[in-house]
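The values are calculated or read from the model by the stated rules, or taken from the named source; none is laboratory data. The structure presented is a predicted model; accordingly, all values stated were derived computationally and were not measured. As a convention, Cβ positions derive from the backbone with ideal geometry for all residues, glycine included, and neighbour counts pool all protein chains shown. These accessible areas exclude ligands, DNA and RNA; they are computed on the full protein's heavy atoms, side chains included. Shrake-Rupley method; radii C 1.70, N 1.55, O 1.52, S 1.80 Å.
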Amino acid sequence: MEVPILKQGAFLIATFQAALSDADLNQLRMGLVQQVVKFRSRAVIVDVTAMDVMDSFASRTLREIAHMIRLRGAETVIVGIQPEVAFAMVQLGLTLEGVATALDLEEGLAYLNERFRITK
Amino acid sequence: MAKRDNTSTDIELKRTEEPSELLRELVAHLRQNRTQLREEWVVRISETRLLTAMTKEEIFAEATSVYDSYVEALETEAFEALQAYARNLSERIIPRGVETHEVVGIVLLLRDVLARSLFAKYQTDFKKLNRILDAYEPAANRIANTVAVGFVQERERVIRQQQEAIRELSTPVLQVRERLLILPIIGVIDPQRARQLTEQLLRGIRTNRAKVVVIDITGVAAMDVTVANHLVQTVEASRLLGATVIVTGLSPEIAQTLVTIGVDLGKMNTVGDLQGGIEQAERLLGYKVASITEPN
Amino acid sequence: MSVGEIRVEINSDQDIVIARQKGRVMAGELGFSSGDATLIATAISELARNIVSYARTGQIKLKGIHGSSRSGILVIASDDGPGIIDIRQALRDGFSTSGSLGLGLPGVRRLMDEFEINSQPGKGTMVAVKKWRQ
């Protein structure tokens, strides 16, 4: 399953679908980092609104994406985690520590705009 | 030869008096003496001061229907009907404040009143009385059991429903201003309430697009490790939705407990009281707090 | 209300997605709230993932259960893989032998109401979990 990656100015936006397999997630991880390098993006928004289950693998992949992108000097924001999914995640002990989160795409963009306006 | 004959009549006699046959006989007896036995029962109920929440007329009306259902259950041994009746009865009398011991009490009284009338009827034939009681007792006990269990289940259902309603009322998620929610928690938190509270808060964050949440636990008397972990989870789940949580009103005792049992308070953003919590929330939201001493 | 039994063969990571989707649908049919259905689907995902990571192949069985006063769902994950040598350790948070986060089993235990595990080194693993409707 292809994950669409949109370029929006200095940001990249990746939108996850509901039924991503491990292979899809791995592919996405590589794809995103390559695009960040290619477009010299300052930040990536990963939109997980459509995901109805976030298990340990998906959660770990998101953290790894965020860490790899940070190594490229850019930032990651995870947006759109559903309330029920968030509840299940914390039960599993998956808290995405150290990764920025926002309610939805709009909030994620607002957060990044604010951040980059302040730092520069 | 003669001996043999004797044995065969004995067997025949037993065959004609199978338990179901005996039950039929005693059901007929109970039907015949319905008015008198029922009256006796009602007298015993008021003597023992049961069902005090109900009037004499009400007791009589209920006694009549219980008596008839009782005899019917003895006759048909159809306990589903009795179960349904017990549920129905409980639904009617629970709101009147009838207690479990009263329901069990009146059914046991009826059992005894009926048993006594059997004693009186068969007092001259001890063997027959024994066989009648052999048939009566297990059935009567099963009836008492069915009614008691039915009552208790109905009571539990009512209690669950009320708890549910109280929980809903006791966890309000308040929006104080745009993007700021306050969740004042009062009373005892059990794991079930903790979960409901979290779910309600997460939904509230989403619908109100909240960025900051103040959870005030001034009204929480005690906190054990399970509840403390729930609180930590609530904070973490809120963050996954992009909201920051500030916990206020943590009493020194609770703080002490949390530290002792090893709850990681470092994950929690705590402020002394609700007022201070709201002020910090407003700073986080980018509002200027009017304070003369604050340099800017 | 005749929700039968569903079996999902787990042979690859694709099957993890299939198993949890079927679990969510079944949980809905059994009358679980969508919040609970999410917890159940997440638990199934973890169990199926353990099969793929440790045993490569196995099976997930989903079944509606009806007690005297409540009903719920039973999920059984079984495989003929290497088994778990120290179950006690595997149930402790933070333990893993395959480089994953190692939160799988204790997490699944928290997501569900009842948890049972049977495993023998060399003979495979069976995990049975239940969740009751609130």
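Overview of results
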{"item": "Protein heavy-atom accessible area occluded, C/A pair - total, 1.4 Å probe, Å²", "result": "1900"}
{"item": "Carbon plus sulfur fraction of accessible area for the stretch B:2-166, probe 1.4 Å, in percent", "result": "51"}
{"item": "Where Rh is the Kirkwood radius over Cα pairs, Rg/Rh for chain A", "result": "0.94"}
{"item": "Other-chain or far-sequence residues with amide H under 5 Å of residue B:247's (modelled H)", "result": "B:215, B:269, B:270, B:271"}
{"item": "Angle in degrees between helix B:191-208 and the longest Cα principal axis of chain B, rounded to the nearest 10", "result": "50"}
{"item": "Beta bridge orientation in chain B: antiparallel %, DSSP, nearest 5", "result": "20"}
{"item": "Karplus (6.51, -1.76, 1.60) ³J(HN,Hα), θ = phi - 60°, over the stretch B:223-239, in Hz, Gly and Pro reported as x", "result": "9, 9, 5, 5, 5, 4, 5, 4, 4, 4, 5, 4, 4, 5, 5, 4, 5"}
{"item": "Heavy-atom accessible area, 1.4 Å probe, ligands and nucleic acids excluded: residues of the stretch C:48-96 down by at least 40 Å² from chain alone", "result": "C:49"}
{"item": "Within the accessible area of the stretch A:5-119 (1.4 Å probe), percent carbon and sulfur", "result": "51"}
{"item": "Inter-centroid distance (Cα atoms) of the stretch C:1-43 relative to the stretch B:26-97, Å", "result": "48"}
{"item": "Calculated from backbone phi, Karplus (6.51, -1.76, 1.60) coupling profile of the stretch C:30-38 in Hz, x at Gly/Pro", "result": "7, x, 6, 5, 5, x, 5, 4, 5"}
{"item": "Amide H contacts of residue A:101 (H built 1.01 Å from N, under 5 Å, at least 5 apart or other chain)", "result": "A:78"}
{"item": "Solvent-accessible area per residue, Å², over the protein assembly as shown with all protein chains present [probe radius 1.4 Å]", "result": "51"}
{"item": "Degrees separating the helix B:274-284 axis from the principal Cα axis of chain B, which is the longest one", "result": "50"}
{"item": "Note, ³J(HN,Hα) from phi for the stretch A:83-98, Karplus 6.51, -1.76, 1.60, rounded to Hz, x at Gly and Pro", "result": "x, 5, 5, 4, 4, 5, 4, 5, 4, 7, x, 9, 10, 6, 4, x"}
{"item": "Mean Cα-pair separation over length for chain B, i.e. relative contact order, pairs under 8 Å, 6 or more apart, %", "result": "13"}
{"item": "Mean separation of Cα contacts under 8 Å (6+ apart) over length of the stretch B:164-293, as relative contact order %", "result": "23"}
{"item": "Listing of the stretch B:198-213 residues, each with accessible area lower by at least 50 Å² in the full protein assembly than in the chain alone (probe 1.4 Å)", "result": "B:206, B:209"}
{"item": "20 Å Cα-Cα threshold exceeded, pairs from C:22/C:63; B:267/C:131; B:211/B:267; C:22/C:61", "result": "B:267/C:131"}
{"item": "Under 5 Å, built H, 5+ apart or other chain: amide partners of residue A:44", "result": "A:12, A:75, A:76, A:77"}
{"item": "Residue (of A:102, A:86, A:62) at the positive-pole extreme of the stretch A:60-108, dipole from beta-carbon charges", "result": "A:62"}
{"item": "Accessible-area ranking of B:47, C:46, largest first, probe 1.4 Å", "result": "B:47, C:46"}
{"item": "Heavy atoms of residue A:47: accessible area, 1.4 Å probe, square angstrom to 10", "result": "20"}
{"item": "Accessible surface of the stretch B:174-284 [probe 1.4 Å, protein heavy atoms]: carbon and sulfur percent", "result": "54"}
{"item": "DSSP-defined antiparallel bridges as percent of all bridges, the protein assembly as shown, nearest 5", "result": "60"}
{"item": "Which of B:212, B:93, B:197, positive extreme of dipole for chain B (C-beta unit charges)", "result": "B:212"}
{"item": "DSSP bridge orientation in the stretch A:5-119 - percent antiparallel, rounded to nearest 5", "result": "25"}
{"item": "Nearest-ten-degree value, helix A:22-39 long axis tilted from longest Cα axis of chain A", "result": "10"}
{"item": "Mean residue ellipticity (222 nm) of the protein assembly as shown, computed from DSSP H runs ≥ 4 via -39,500 (n - 2.57), nearest 500", "result": "-18500 deg cm²/dmol"}
{"item": "Size of charge dipole - the stretch B:2-166 - debye, nearest 20, with Cβ of Lys, Arg +1 and Asp, Glu -1, no other charges", "result": "260"}
{"item": "Protein heavy-atom accessible area occluded, A/B pair - total, 1.4 Å probe, Å²", "result": "1800"}
